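So the structure is just underneath, and the comments pick up after that.
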Amino acid sequence: MATLSVKPGQRFTVPDWHTNSHLISADAERQRSASHQVRQEARSLRNKTSNQTKWDEHDNQTRLAERISSVNRWKETLDKCLADIDVEIDALAKVKEAAECALQAKNLPLEVSIECLTLRESRRAIDVVRDPVEEELHKEVKVIDKAKRELQQRVNDIFEQLCLLQEARQQLRCDHRCKMEALEIDRMCLSLNVNSPNISLKVNPTRVPDRSTTIEEWEQNSQCNKEHAEAEMKASTELRGATVLAIAQTNNELEAQRVATEFALRKRIRDLERAYDELKWQEQNTLEEIAEMEEDIRRLEEDFRRKTQDLKLAHTRLETRMCRPSMELCWDQAQYGLTDEVHQLGGTIRALRQKLAESQSGSSLWAWQGAGLGSGVQAKHGGLVLDNKCMDSRRKLVVPAEKFAPEVDTFNQTTN
């Protein structure tokens with residue numbers, strides 16, 4: 001009988017075997033139960049996290065879409081505001097150009113008024129008078145200076161307003177550009193999914209940037225830019241209306257003053273023509289009277305010389321008869337006649353001498369009067385020529401006012 005090579009192991013009883021089997025079974029059952037519990041919790045967790053992830057992704061997709069819609073609405077608002085402000089800038093620039101043209105157009109009336117005043121400084125003698133024409137010309141110069149100052153102020157105000165509009169437009173442009181970039185970024189984020197090739201893990205993606213703002217600050221910034229632009233556009237519209245009205249008003253004032261000045265000038269020309277005709281008539285009559293007076297003086301002188309010769313004859317006869325001899329030297333009728341003739345001729349000569357002196361004095365007065373009339377006629381003629389030159393100069397002012405004043409829509413206070 002063969003023998004065993006090793007020492008047999010410990011022998012267990014049947015109950016030990018059953019106990020061990022029960023222990024192994026119970027342990028397996030416990031492990032299976034624990035595994036089942038873990039599997040169920042894992043399934044629940046997986047379902048829960050999957051649902052949470054899907055809902056979170058859906059919510060964020062919705063939030064991104066709403067954010068894109070909100071930014072897009074503001075972008076459209078800014079687009080409209082930018083278009084409006086561009087239109088307003090163009091309209092204000094045109095009104096500024098019209099105001100500058102109107103300001104430039106005031107130079108010609110001012111030059112004409114100064115030219116008329118300078119021409120009328122050449123008047124002479126009594127015609128150097130401060131008449132209504134000169135007063136109207138001075139008023140016209142003042143009206144033009146006032147209009148130029150007002151239009152220059154309007155041009156300066158428009159320039160400043162254009163600067164403010166450009167500044168507001170720049171702010172809108174900057175805000176609009178930022179919104180366009182934000183829209184592009186959010187749309188790209190909305191288009192991403194888990195299968196996108198350009199997704200990856202980032203370092204600290206939840207950090208808060210230093211320049212970040214709240215949604216209230218973001219919306220308030222856009223609202224402030226919009227309100228600022230609208231306020232500047234409103235101020236620009238009011239300034240345009242005021243400028244157009246100022247251009248029309250200055251043109252109307254200048255036109256009214258021009259009409260008043262030319263009315264006074266025409267009246268002055270008519271007065272000068274009447275005075276010139278009157279003085280010319282007086283001069284003609286005076287010259288005729290002087291000629292007649294000179295003719296009468298010449299005749300008086302001839303009579304004076306003739307009477308002097310007659311007196312010489314009478315004196316000679318009387319003196320000669322003084323030489324009669326003896327009784328022949330008597331006072332006969334011839335002697336009495338010659339004596340009376342001497343006395344008569346003496347009185348006649350004295351009367352002629354006095355009248356001649358008076359005539360010569362009157363002739364000198366009439367000559368002086370004629371010279372005065374001549375200078376008066378020359379002065380009136382010179383004044384008439386100068387005022388006619390003024391009228392010729394003022395013909396340059398007959399330009400349609402519509403050339404410088406844009407048409408005004410009084411209801412909307414805008415320029416057509």
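Just a few scattered comments:
- Per residue, the Cα convex hull of region 187-234 amounts to 129 Å³.
- Of 71, 168, 300, farthest towards positive along the dipole that unit charges on Lys, Arg, Asp, Glu beta carbons give the chain: 71
- Using the average count of surrounding beta-carbon atoms within 10 Å as a protection proxy, the listed peptides 261-267, 67-73 rank, highest first, as 261-267, 67-73.
- Surface/4 estimate of mean projected area, convex hull on alpha-carbon atoms of region 16-113, nm²: 9.4
- Taking the longest Cα principal axis of the chain as reference, the axis of helix 333-394 is set at about 10 degrees.
- Translational D in µm²/s for region 235-327 (Stokes-Einstein at 20 °C, 1.002 mPa s, Kirkwood Rh from C-alpha pairs): 100
- Where only DSSP H runs of four or more residues are counted, the chain gives -30500 deg cm²/dmol as its mean residue ellipticity at 222 nm, each run worth -39500 (n - 2.57).
- The equivalent ellipsoid that matches the C-alpha gyration tensor of the chain spans semi-axes of 137, 15, 12 angstrom, in descending order.
- For the chain, the residue among 276, 228, 388 whose Cα projects farthest onto the positive side of the dipole built from Cβ charges is 228.
- Given charges at Cβ of Lys, Arg, Asp, Glu: the chain dipole, positive-most of 122, 323, 85: 85
- Subtracting the Cα-Cα distance of residue 41 and residue 191 from 0.36 nm times their residue separation leaves 50.6 nm of extension gain.
- Near residue 297: Cβ cut-off under 14 Å, other residues only, Lys/Arg at +1 and Asp/Glu at -1. The net charge is -4.
- The alpha-carbon atoms of region 78-157 define a convex hull whose volume equals 67 cubic angstrom per residue.
- Under 22 Å from residue 54, Cα to Cα: lysines that are on another chain or at least 8 residues apart: 202
- For the residues 348, 206, 49, a GNM of the chain with alpha-carbon springs under 10 Å puts the largest fluctuation on 206.
- Taking a Cβ cut-off of under 14 Å around residue 82, the surrounding Lys, Arg, Asp and Glu residues balance to a net charge of -3, with basic ones at +1 and acidic ones at -1.
- Residue 308 paired with residue 87, simple spin-label distance in nm, labels 7 Å along Cα-to-beta-carbon: 10.6
- Expressed as a fraction of 2.2 N^0.38 Å, the C-alpha radius of gyration for region 137-283 is 2.28.
- Relative contact order, percent, the chain [alpha-carbon distance under 8 Å, six or more residues apart]: 28
- When only alpha carbons are used to place a centre, region 19-86 and region 203-223 end up 26 Å from one another.
- About its Cα centre, the chain has a charge dipole of approximately 2280 debye under the convention of +1 per Lys or Arg Cβ and -1 per Asp or Glu Cβ, with nothing else charged.
- Note on region 131-207: semi-axes of the ellipsoid equivalent to its C-alpha gyration tensor, largest first and rounded to whole Å, are 68, 10, 5.
- With a simple spin-label model that places each label point 7 Å from the Cα along the Cα-to-Cβ direction, the separation between residue 142 and residue 48 comes to 9.5 nm.
- Approximate spin-label separation residue 204-residue 27, in nm, with each point projected 7 Å along Cα-to-Cβ: 5.1
- Region 270-324 - convex hull of the alpha-carbon atoms, volume per residue in Å³: 38
- A Gaussian network model of the chain, with springs between Cα atoms under 10 Å, assigns the largest mean-square fluctuation among 74, 17, 281 to 17.
- Over 26 Å (Cα to Cα) - which of 146/226; 148/267; 96/146 fall in this group: 146/226; 148/267
- Residues considered: 344, 223, 333. Largest GNM mean-square fluctuation over the chain, using C-alpha springs under 10 Å, is found at 333.
Every number in this text was worked out from the coordinates using simple rules, so none of it is lab data. Keep in mind the model is a prediction, meaning the values are calculated, not measured. With ideal geometry, Cβ positions are generated from the backbone for all residues, glycine too; neighbour counts draw on all protein chains shown.
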